[in-house]
1. Go through the range 110-124 residue by residue and tally those that are more than 23 Å from the chain's Cα centre (by Cα), surrounded by 15 or more Cβ atoms within 10 Å (Cβ to Cβ) and not in a loop (DSSP other than H, G, I, E, B).
2. Quick one: how many residues across the range 69-82 are over 17 Å from residue 120 (Cα atoms), at pLDDT 90 or above and in a loop (DSSP other than H, G, I, E, B)?
3. If you scan the range 87-103, which residues turn out to be touching a residue at least 40 places away in the same chain (Cβ under 8 Å) and touching a helix residue (DSSP H, G or I) at 6+ places or on another chain (Cβ under 7 Å)?
């Protein structure tokens with residue numbers, strides 16, 4: 001003799017609440033995520049041993065590729081034009097911080113040359129960009 005199971009009494013997990021939760025999590029992460037879109041220049045930043053918190057002031061980012069070519073706001077810029085542009089930004093916006101994102105394969109002499117150029121233009125502080133340490137450092 002076989003007994004029939006009553007399907008109404010079987011516990012079950014509905015798929016609709018699970019889909020709702022997944023969509024809510026997706027929306028939450030989309031709204032709270034912040035992506036810093038870098039320019040299209042491919043550079044490899046050197047690694048840093050410790051994380052350094054940068055100040056939240058008026059910054060301008062200068063990117064240098066492995067060949068030593070500089071890019072300001074995604075556009076290639078020559079040294080003389082760069083000096084003029086930085087000097088005008090210092091006068092207009094009281095810009096004091098320059099974030100230098102130099103490729104790790106860039107020549108040290110070229111990096112120092114750009115740092116000197118920025119100092120002569122009136123930049124008071126140069127922040128060297130590096131990748132964050134992967135550990136908790």
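The values are calculated or read from the model by the stated rules, or taken from the named source; none is laboratory data. Fair warning: this is a prediction, and the values are worked out from it, not measured in the lab. Every residue, glycine among them, receives a Cβ derived from its backbone with ideal geometry; neighbour counts consider all protein chains shown.
1. The initial filter retains those residues of the range 110-124 that are more than 23 Å from the chain's Cα centre (by Cα), namely 113, 116-117, 119-122.
Those still in the list that are surrounded by 15 or more Cβ atoms within 10 Å (Cβ to Cβ) too: 117, 121-122.
Okay, now just the ones that are also not in a loop (DSSP other than H, G, I, E, B), so 117.
Residues meeting the conditions: 1.
2. Residues flagged as over 17 Å from residue 120 (Cα atoms), at pLDDT 90 or above and in a loop (DSSP other than H, G, I, E, B) within the range 69-82 amount to 1.
3. Taking the range 87-103 as the starting set, the residues that turn out to be touching a residue at least 40 places away in the same chain (Cβ under 8 Å) are 97, 99, 101-103.
Passing the criteria: only 102.
Residue-wise test of (1) in contact with a helix residue (DSSP H, G or I) (Cβ under 7 Å, 6 or more places away or on another chain); (2) surrounded by 14 or more Cβ atoms within 10 Å (Cβ to Cβ).
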position: 79; (1), (2): yes, no
position: 105; (1), (2): no, no
position: 108; (1), (2): no, no
position: 126; (1), (2): yes, yes
